[in-house]
Amino acid sequence: EDYICYGYRFGDVSYMSDTNFIPDATRAKMANSKIVILDSLFWDSSHPSHLSLLEAVDQLAILKPPVAYLTGMSHNIEHNAASQFLETKSTPEHRILLAYDSLCVPVDL
């Protein structure tokens with residue numbers, strides 16, 4: 001069953017967690033964000049309320065922010081292996097990284 005999940009945009013930072021789908025209207029509001037934060041619960045398993053790491057990478061390929069952080073990973077996502085995979089999906093203009101405890105994201109309002 002569909003449910004509503006709120007995403008947030010603070011200046012040039014967009015944050016959306018606990019969702020497995022980003023509607024076109026929402027994606028338009030996230031456009032031109034300098035930083036995008038998405039969840040990625042599992043590597044590739046479908047979940048009713050979370051993106052997988054592969055789904056998040058697909059969404060980021062559309063949004064193309066300069067920097068993206070993935071958060072909310074389960075214990076099944078090994079940090080080093082996921083970081084190495086994300087390096088293969090990153091470019092100098094579009095970096096995808098795993099978020100981590102104590103990460104500070106600059107927000108200009």
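The values are calculated or read from the model by the stated rules, or taken from the named source; none is laboratory data. Every value quoted in this text rests on a predicted model; they were computed, and no experiment measured them. Every residue, glycine among them, receives a Cβ derived from its backbone with ideal geometry; neighbour counts consider all protein chains shown. Each accessible area value is taken on the protein alone, full model and side chains, heavy atoms only, with ligands, DNA and RNA left out. Shrake-Rupley method; radii C 1.70, N 1.55, O 1.52, S 1.80 Å.
Over all Cα atoms in the stretch 1-45, the spread is summed up by Rg and Dmax: 11.1, 32 Å. Can you send over the carbon and sulfur percentage of the accessible area for the stretch 2-62, probe radius 1.4 Å, protein chains only? Accessible surface attributable to carbon and sulfur in the stretch 2-62 totals 56 percent. With Cα atoms defining each centre, the stretch 84-104 and the stretch 67-83 are spaced 9 Å apart in the structure. Extension gain for residue 64-residue 102 works out to 11.2 nm (0.36 nm per residue, less the C-alpha to C-alpha distance). Positive contributions from Lys and Arg (+1) and negative ones from Asp and Glu (-1), summed over other residues with Cβ under 14 Å from the Cβ of residue 55, come out at -2. Accessible surface area normalised per residue over the chain is 62 Å², counting heavy atoms of protein chains with a 1.4 Å rolling probe.
Qualifying GluC sites (Glu not before Pro) in the stretch 8-109, where qualification requires a DSSP coil assignment and no more than 12 other C-beta atoms within 10 Å, comprise 78, 93. The dipole here belongs to the stretch 1-85: it is taken about the Cα centre, uses +1 on the Cβ of Lys and Arg and -1 on the Cβ of Asp and Glu, and is about 440 debye.
In the elastic network of the chain, a GNM with C-alpha springs shorter than 10 Å, the most mobile of 94, 50, 75 is 75. Here, P(r) means the percent of Cα pairs in each 5 Å bin from 0 to the largest distance; for the chain it is 2, 12, 25, 26, 21, 11, 3, 0. DSSP finds beta bridges in the stretch 19-109, and of those with both partners inside it, around 20 percent are antiparallel.
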